[in-house]
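Visitor: Dropping the structure in here first, questions after.
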Amino acid sequence: MTDTVLSLDDARLTLAGNAGPVEILRGITLSVAKGESVGLVGPSGSGKSSLLMLMGGLERATGGKVTALGQDLTAMGEDDLARFRRGNMGIVFQSFHLVPTMTALENVALPLEIAGQPDAQARAMAELDRVGLGHRHHHYPSEMSGGEQQRVALARAVAPRPAILLADEPTGNLDAKNGAAIIELLFDLQAQTGATLVLVTHAADLAERCGRLVRLADGVLE
């Protein structure tokens, strides 16, 4: 039987707006299997990023249930969610979210050190080498191009060997050449680590690489 890694059961997200409550997601039921690659696609404002945030426990569902690796995320407190993400999820954002006062090596080593890995620095070096940044270990984000910063973000996300890799428009801030390189790297890393990948994208070439596409429109699955 296929192992289910992520599951949403009638998940809903309603946020407060100036004119009253706004329904962002309206009854999402979805399962993602171990090792699967799923692309979340749809028009702007359809709820793709919000759905990804529910999967990562970065937004709390206002209705229904979200389960990851058998754990009910909707029942967890913020501290438990943070610990769960740290041990099980790697998240890549469009805007890199690197710590500007840390070198590339320090950024990648950070989640490993927080997890108490004794060989954090050595593992971080190996991850940077794997994404082609062996010559950039001691450079700061401001000294790197956008493509290089996103490579550092990818290395940081996969270094702890998460079971789940979430990516929100990972090529959105990159030119075509760097975007294509990140696409190759993302799927290579997923294949090497065996992680389950869920990504939000507007890029057709990136969406086509996914094993399955999930389309959203106006907060519901098409």
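The values are calculated or read from the model by the stated rules, or taken from the named source; none is laboratory data. No experiment lies behind these values; they were computed from the predicted model shown. Please note: Cβ atoms are built from the backbone with ideal geometry, for glycine as well, and neighbour counts cover all protein chains shown. With ligands, DNA and RNA removed, areas are computed over all heavy atoms of the protein, side chains included. Shrake-Rupley method; radii C 1.70, N 1.55, O 1.52, S 1.80 Å.
Visitor: Can you say what percent of the DSSP beta bridges in the chain, counting only those with both residues inside, are antiparallel? Round to 5. Mind showing how you got there, number by number?
Guide: On the way: 20 of 37 bridges.
Given both bridge residues lie in the chain, the antiparallel proportion sits at roughly 55 percent.
Visitor: OK, next. Loop by DSSP (not H, G, I, E, B), at most 16 other beta-carbon atoms within 10 Å: where is the longest site-free stretch of the chain for trypsin sites (Lys or Arg not before Pro)? Intermediate results must be reported in sequence, preceding the final value.
Guide: Values: sites that count: K34, R60.
The reported range is 61-222.
Visitor: Assign unit charges at the C-beta atoms only (+1 for Lys and Arg, -1 for Asp and Glu), then state the dipole size of the chain relative to its Cα centre in Debye, rounded to the nearest 20. Spell out each step's value before the answer.
Guide: Values: 19 positive and 26 negative charges, 29 e Å.
Result for the chain is approximately 140 debye, rounded to the nearest 20.
Visitor: Summing +1 for each Lys or Arg and -1 for each Asp or Glu, what net charge is found among the other residues whose Cβ lies under 14 Å from the Cβ of A122?
Guide: Numbers: positive: R123, R130; negative: E106, E113, D119, E127, D129.
Result for the local shell: -3.
Visitor: Okay, moving on. Could you give me the percent of Cα pairs per 10 Å distance bin for the range 117-222, shortest bin first, beginning at zero and ending with the bin that holds the maximum distance?
Guide: 13, 44, 31, 9, 2
Visitor: Considering only the other residues whose Cβ falls under 14 Å of the Cβ of A68, what net charge follows from Lys and Arg at +1 and Asp and Glu at -1? Each step should come with its number before you reach the end.
Guide: Values: positive: K34, R60, K65, R83, R85, R86; negative: D3, D9, E36, E59, D72, D80.
Summing Lys/Arg as +1 and Asp/Glu as -1 gives 0.
Visitor: Also, quick follow-up: Under 14 Å Cα-Cα from K34, which aspartates and glutamates qualify once same-chain neighbours fewer than 8 residues away are excluded?
Guide: Partners found: D3.
Visitor: If you roll a 1.4 Å probe over the range 4-221 with all protein chains in place, what percent of the accessible area is carbon or sulfur? Don't jump to the answer; show the numbers that get you there.
Guide: Working: 4710 of 9620 Å².
Within the range 4-221, the accessible surface is 49 percent carbon and sulfur.
Visitor: Using just the Cα positions, wrap the range 4-221 in a convex hull and report its mean projected area in square nanometres, one decimal place. Intermediate values should be presented prior to the final figure.
Guide: Values: hull surface 48.0 nm².
With every direction weighted equally, the projected area is 12.0 nm².
Visitor: Post the alpha-carbon centroid distance, the range 67-95 to the range 154-222, in whole angstrom.
Guide: Between the Cα centre of the range 67-95 and that of the range 154-222, the gap is 18 Å.
Visitor: So, counting K/R as plus one and D/E as minus one, what does the shell of residues with Cβ under 15 Å around N178 add up to?
Guide: Details: positive: R136, R151, K177; negative: E148, E169, D175, E184, D205.
Around N178, the surrounding residues sum to -2.
Visitor: Any idea what angle helix 176-193 forms with the longest principal axis of the chain, computed on alpha-carbon atoms, 0 to 90 degrees, nearest 10?
Guide: Approximately 90 degrees, to the nearest 10.
Visitor: Using the alpha-carbon atoms, what tilt in degrees (0 to 90, nearest 10) does helix 78-88 show relative to the longest principal axis of the chain?
Guide: Helix 78-88 and the main axis of the chain meet at about 60 degrees.
Visitor: Using only the alpha-carbon atoms, how far is helix 146-158 inclined from the longest principal axis of the chain? Give it as 0 to 90 degrees, nearest 10.
Guide: 70 degrees
Visitor: Highest GNM mean-square fluctuation, the chain, Cα pairs closer than 10 Å: which of I182, I164, I114?
Guide: Comparing I182, I164, I114 in the GNM, the peak value goes to I114.
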